[in-house]
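The values are calculated or read from the model by the stated rules, or taken from the named source; none is laboratory data. Quick caveat, the model's predicted, so the values are computed rather than measured. Neighbour counts run over all protein chains shown; Cβ positions are idealised from the backbone, glycine included.
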Amino acid sequence: MNPGQPDRDRLDAYAADQRGLFTRTQALGCGYTNPRIRTKLQSGDWTAVVRDVFADRGLPVTPRLRDVAAQLALPGAVLAGPSAARWHGWDVPSAETFVALQARRPRLRHVHVVPQEVPETDACVVDGLRVTSPERTVFDCARLLPDGAASALLTTALQECWTTMPDLATRIRDATGRHGTPRLVRLIRVVALGNRTSAQKLAGKLLQRAGIWGWSPHEPISDRWGLIGLGDLVFPEAKLVIELGIDELEAPAPLRERHTRLAAAGWTVVTYSWSDLTTRPSDLVAELRQHLDRLTPVRW
């Protein structure tokens, strides 16, 4: 570096570690003066991604890059809501940047600050950035996204086991009295009702993660009089069929008739509701293991 000239190599080193970004403080530390920085911005050589965080000309300003810039501009901030979802690899219909930060900071254009502390149990590191945990991210997205997008995310999150109904219930209880909590309760009640397709996907995920195999979805089951129906999840060897999304006490007559035929044909039927799948998945898996141990023929 020539005497009196900015140290561009040092600034490039900062940018290389920060996905092409550097801060005003870093530029000043490399010998750039505020007037020189202003000239760089006016000429278009540098672009302000957020206040006091810059990039060289030509670097595309994407939502992910703005997320990085927000953390550089607000030390201690944790990417939250849709921003955290992006870094977890989830598809959310939002290009906005959200960070959680308890301390009062200057407002930044294009950055939404959620004024809350994120405990260590609710934070993790993804690709070098501090983001909220999957469970906290689901909860924040449900609060921040429009109803349709929030409901879709909640459904997917429960299917993919990113969170559980007990965790959501605890977070709602802790948020009682805050703005938006009644709306969140309503959304979760709707999602908690579930549907057969969602229940089948979630049940399949639970079985796979528990290492339980030998089952088939939508398996046709017949007796000597013909087709009885399609089992939601069927273990042919154990002659065990799982019915999902059903409350046995309210089962209509055709359903009871089908279960009677299944029992007469030697099948064991177990039924699980959406609530069972989302509030007690470990108990459900343990029960299924007991059924399979009892029903699966012993091979000698």
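Observations on the model:
- Residues located in segment 149-181, provided they are surrounded by fewer than 21 Cβ atoms within 10 Å (Cβ to Cβ), farther than 16 Å from residue 281 by Cβ and small (Gly, Ala, Ser): 149, 151, 152, 175, 177, 180
- Boolean, residue 209 is free of Cβ contacts under 8 Å to residues at least 12 places away in the same chain and surrounded by fewer than 16 Cβ atoms within 10 Å (Cβ to Cβ): no
- Selection count, segment 254-298, where residues are charged (D, E, K, R), free of Cβ contacts under 8 Å to residues at least 40 places away in the same chain and under 18 Å from residue 207 (Cβ atoms): 6
- Taking the conditions (1) in contact (Cβ under 8 Å) with a residue 60 or more places away in the chain; (2) part of a loop (DSSP other than H, G, I, E, B); (3) β-branched (Val, Ile, Thr) in turn, residue 68 satisfies each one other than (2).
- In segment 149-236, counting only helices (runs of 4 or more DSSP H) that sit wholly within it, the ones holding 2 or more residues that are under 29 Å from residue 261 (Cα atoms) and at pLDDT 85 or above span 196-209.
- If you go through segment 271-300 and pick out every residue that is within 13 Å of residue 238 (Cβ to Cβ) and in contact with a Leu (Cβ under 7 Å, 6 or more places away or on another chain), you end up with 3.
- When residues of segment 83-116 are limited to those that are assigned to a strand (DSSP E or B) and among the β-branched types (Val, Ile, Thr), the one surrounded by the fewest Cβ atoms within 10 Å (Cβ to Cβ): 114
- Flag if residue 64 is modelled with pLDDT of 95 or more, under 23 Å from residue 131 (Cα atoms) and either of a type in the set (Gly, Ala, Ser) or surrounded by fewer than 21 Cβ atoms within 10 Å (Cβ to Cβ) (or both): yes
- Any hit, segment 103-114, residues being out of contact with any Ser or Thr (no Cβ under 9 Å at 6 or more places or on another chain), modelled with pLDDT of 90 or more and more than 19 Å from residue 178 (Cβ to Cβ): no
- A search for C-beta distances below 8 Å between a residue of segment 35-48 that is under 22 Å from residue 65 (Cβ atoms) and any residue that is assigned to a helix (DSSP H, G or I), counting only pairs 6+ apart in sequence or on different chains, returns 37/24; 37/27; 37/28; 46/37; 46/40; 47/41; 48/41.
- Single residue of segment 117-148 satisfying the filter (more than 11 Å from the chain's Cα centre (by Cα) and assigned to a helix (DSSP H, G or I)) that is surrounded by the fewest Cβ atoms within 10 Å (Cβ to Cβ): 120
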